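Participant: One structure coming up, written as structure tokens, with questions to follow.
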Amino acid sequence: MTTSMQRSWSTGARPNRFAALPAGRIGRLGGRLMRRLSGAAQREIAELVAQDRPAEVLEVGHGPGVLLGMLAGRPGTTQVVGIDPSAEMRYLAIRALAREIADGRVEIQAGDAASTGLPDAAVDVVVSTNTVAIWPDLEAGLAELHRVLRPGGRLVLSWHGGSDPNAVARRLLLPEQTLARIEDELGRRFGAVHRELTRRSTVFVAQRRSEEGVS
């Protein structure tokens, strides 16, 4: 059972039905708007994910499926699994990626950061865009994503706001203390963590230690 209706760890607010946890007709409208507006930011993240040429990728909170489609089309990627707690987002992604799903390159299922449904050490890369600040429990989410990564695998987390101040509404930016907490918790769980700005996003990259055994 997911805990997605709980309050966000970063703001204490419950997820809204338009973008945070899309639901109903307004949620589908939000998802279609995300599809129209998110392409450039998602391409930046796809390039970061592709640096290691991962075979198997998990996207947490895939929304309407924009990044899933980009990742599935990368050479060397054998499967991309997408999880999302929103039935509306799963519906939109399944419609958009019907061919990739039929070919076995994409799998979509219900889940969230703290409850992925995947076995231990299942994927080479975990990626999540614009979701980390609305998780109910930051520590639980990072522990779960660490668990499903193979030793040496990478976690890529991004949030709105990069080097271009005009690329995102100011209300979507996170305060520095919130960004610092994400970075600190990643460091505790993974060790080394790198924060960088793309044009449109603040990105955290952490790697599971190669010497760690699989529990």
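The values are calculated or read from the model by the stated rules, or taken from the named source; none is laboratory data. Since the model is a prediction, treat every value here as computed from it, not as a measurement. Because the Cβ atoms are built from the backbone with ideal geometry, glycine has one as well, and the counts that use them run over all protein chains shown. Protein only, heavy atoms only, side chains kept; ligands, DNA and RNA dropped before computing areas. Shrake-Rupley method; radii C 1.70, N 1.55, O 1.52, S 1.80 Å.
Participant: Please determine whether any residue of the range 141-148 is over 18 Å from A20 (Cα atoms), open to solvent by 70 Å² or more (accessible area, probe 1.4 Å) and touching a strand residue (DSSP E or B) at 6+ places or on another chain (Cβ under 9 Å).
Facilitator: Checking the range 141-148: not a single residue is over 18 Å from A20 (Cα atoms), open to solvent by 70 Å² or more (accessible area, probe 1.4 Å) and touching a strand residue (DSSP E or B) at 6+ places or on another chain (Cβ under 9 Å).
Participant: So, one more: Name, by its number, the condition in (1) acidic (D, E); (2) in a loop (DSSP other than H, G, I, E, B); (3) open to solvent by 60 Å² or more (accessible area, probe 1.4 Å) that does not hold for D184.
Facilitator: Going through (1) acidic (D, E); (2) in a loop (DSSP other than H, G, I, E, B); (3) open to solvent by 60 Å² or more (accessible area, probe 1.4 Å) one by one, D184 breaks only (2).
Participant: Among the residues that make up the range 41-53, is at least one of them outside any loop (DSSP other than H, G, I, E, B), more than 27 Å from A206 (Cα to Cα) and open to solvent by 20 Å² or more (accessible area, probe 1.4 Å)?
Facilitator: As a first pass, look at the range 41-53 and keep what is outside any loop (DSSP other than H, G, I, E, B): 41-52.
From what is left, the residues that are more than 27 Å from A206 (Cα to Cα) are none.
No: zero hits.
Participant: Follow-up question, since we're still on this one. Can you name every residue in the range 81-108 that is part of a loop (DSSP other than H, G, I, E, B) and without any contact (Cβ under 8 Å) to a residue 24 or more places away in the chain? Give the derivation first.
Facilitator: Keep residues of the range 81-108 that are part of a loop (DSSP other than H, G, I, E, B), which gives 84-86, 97, 103-105.
Once the filter is applied, which keeps residues that are part of a loop (DSSP other than H, G, I, E, B) and without any contact (Cβ under 8 Å) to a residue 24 or more places away in the chain, the range 81-108 yields only D103.
Participant: Could you please give the count of residues in the range 109-159 that are under 26 Å from R95 (Cα atoms), in a strand (DSSP E or B) and of a type outside the set (D, E)?
Facilitator: Going through the range 109-159 one residue at a time, the tally reaches 12.
Participant: Also: Taking interchain pairs and intrachain pairs at least six residues apart, which have beta carbon atoms under 8 angstrom, with the first residue in the range 18-46 and at pLDDT 80 or above and the second of a type in the set (V, I, T) and part of a helix (DSSP H, G or I)?
Facilitator: L21/I134; M34/V66; R35/V66; S38/V66; G39/V66; Q42/V66
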